[in-house]
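Quick notes on the structure that follows.
The values are calculated or read from the model by the stated rules, or taken from the named source; none is laboratory data. Keep in mind that what you see is a predicted model, and the values were worked out from it rather than measured. Using ideal geometry, Cβ is built from the backbone for each residue, glycine included, and neighbour counts are taken over all protein chains shown. Ligands, DNA and RNA are stripped out before the accessible areas are found, and what is left, the full protein with its side chains, is counted by its heavy atoms. Shrake-Rupley method; radii C 1.70, N 1.55, O 1.52, S 1.80 Å.
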Amino acid sequence: MARIELRNLVKRYGDGFPAINDVSLDIADGEFVILVGPSGCGKSTLLRMIVGLEDISEGDLLIDGKRVNDLAPRDRDLAMVFQNYALYPHLTVGENIAFPLRLNHSKVPESEIAGRVQRAADMLELNDHLDRKPANLSGGQRQRVAMGRAIVRDAKAFLFDEPLSNLDAKLRGQMRTEIARMQRALATTTVYVTHDQTEALTLGDRVAVLRKGVLQQVASPRELYEQP
Ligand code: ADP
Ligand code: ADP
């Protein structure tokens, strides 16, 4: 769990209008924030700035009060779940989930890995599939593996980039419920990018509306829903 503070963040890709323009937001420990807005408004850029995949042009990013602008992604200890899952096709489900724990810098002893993979798999109902390869899984199962890889690390926060957009409507509904349950159970700070109205209004504690790189509004789903 972590508190994440965005202080006047700016991202410039070139000379044009900034992709992220003076964005400030305090995300509390354990909070679930949904980031919404039309395509091209900067959602993905902002998420990538937080996780460290994109340099910050101006402003400060603080995790638990510590400025992390210049820290590499691995030192920020945040777990990102990508839209395209980014699973390793040659590894099994179990190996995919264990992958972040086997990286040199993770410092998790091999003797702990199996237990941790098991717990993540339990939470995501993947126990019967640990020896399968991603190619033999359904879209929903692949999404679970991607989430398993995020939760196995006990990262400080989850960052989701439109995780359900490749799933059909029925599965999306199921996974929505599951993500909400998982987030409550783990109480891990979460920033979740989506352009899906239902996800925006049902999943989070607060919704942050981004437009042309500017944070237009931050409100509870109820406040947004009851707006004229
Ligand atoms: P969203 O995720 O809301 O669809 P993005 O964050 O992907 O929006 O993009 C925000 C803006 O920044 C867009 O105008 C996009 O064209 C631009 N942009 C994103 N990535 C790059 C990049 N690597 N180089 C130049 N411009 C980029
Ligand atoms: P989109 O425009 O669909 O949101 P982006 O290109 O903005 O996609 O962000 C996802 C991309 O980030 C992935 O396609 C991948 O190339 C890249 N990426 C960077 N680091 C990683 C990583 N550790 N694991 C997987 N993908 C990564």
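Summary table
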{"read-out": "Highest to lowest packing among 124-130, 18-24, scored as the average C-beta count within 10 Å", "value": "18-24, 124-130"}
{"read-out": "10 Å-binned pair-distance histogram of the chain (Cα, whole percent)", "value": "8, 33, 36, 19, 4, 0"}
{"read-out": "Carbon/sulfur fraction of accessible area - segment 1-115, other protein chains in place, 1.4 Å, %", "value": "48 percent"}
{"read-out": "The chain: angle of helix 93-102 to the longest principal axis, Cα-based, in degrees nearest 10", "value": "70 degrees"}
{"read-out": "Heavy-atom SASA rank of 225, 88 (probe 1.4 Å, accessible area, largest first)", "value": "225, 88"}
{"read-out": "Ranked packing of 131-141, 94-104, 45-55, most packed first, by mean Cβ within 10 Å", "value": "45-55, 94-104, 131-141"}
{"read-out": "Over 21 Å [Cα-Cα, segment 41-121], rounded percent", "value": "43 percent"}
{"read-out": "Choice from 205, 15, 77 showing the highest fluctuation, given a GNM over the chain with Cα pairs closer than 10 Å", "value": "15"}
{"read-out": "Chain lengthening between residue 177 and residue 202 when straightened (0.36 nm per residue, less Cα-Cα)", "value": "8.1 nm"}
{"read-out": "Prolate/oblate/rounded call for segment 28-86, Cα gyration tensor, a/c under 1.5 rounded", "value": "rounded"}
{"read-out": "Nearest 10 degrees, 0 to 90: helix 110-123 Cα axis against the chain principal axis", "value": "70 degrees"}
{"read-out": "Cβ crowding within 10 Å averaged over residues, with 151-157, 197-203 ranked highest first", "value": "151-157, 197-203"}
{"read-out": "Count, lysine Cα pairs under 29 Å in the chain, 8 or more residues apart or across chains", "value": "16"}
{"read-out": "Solvent-accessible area per residue, Å², over the chain with all protein chains present [probe radius 1.4 Å]", "value": "49 Å²"}
{"read-out": "Extension gain from residue 135 to residue 107, taking 0.36 nm per residue of separation minus the Cα-Cα distance", "value": "7.1 nm"}
{"read-out": "Area of residue 44 that stays accessible when all protein chains are in place (1.4 Å probe, Å², to 10)", "value": "50 Å²"}
{"read-out": "Potential extension, residue 187-residue 211 segment - 0.36 nm per residue separation minus Cα distance", "value": "5.8 nm"}
{"read-out": "Cα→Cβ-extended label distance, 7 Å offset, between residue 67 and residue 15, nm", "value": "3.0 nm"}
{"read-out": "Segment 123-228 shape via C-alpha gyration tensor axes, a/c threshold 1.5", "value": "prolate"}
{"read-out": "Prolate/oblate/rounded call for segment 160-219, Cα gyration tensor, a/c under 1.5 rounded", "value": "oblate"}
{"read-out": "Virtual spin-label span in nm between residue 118 and residue 226, 7 Å along Cα→Cβ", "value": "4.8 nm"}
{"read-out": "161, 26, 70, ranked by accessible area, largest first (probe 1.4 Å)", "value": "70, 26, 161"}
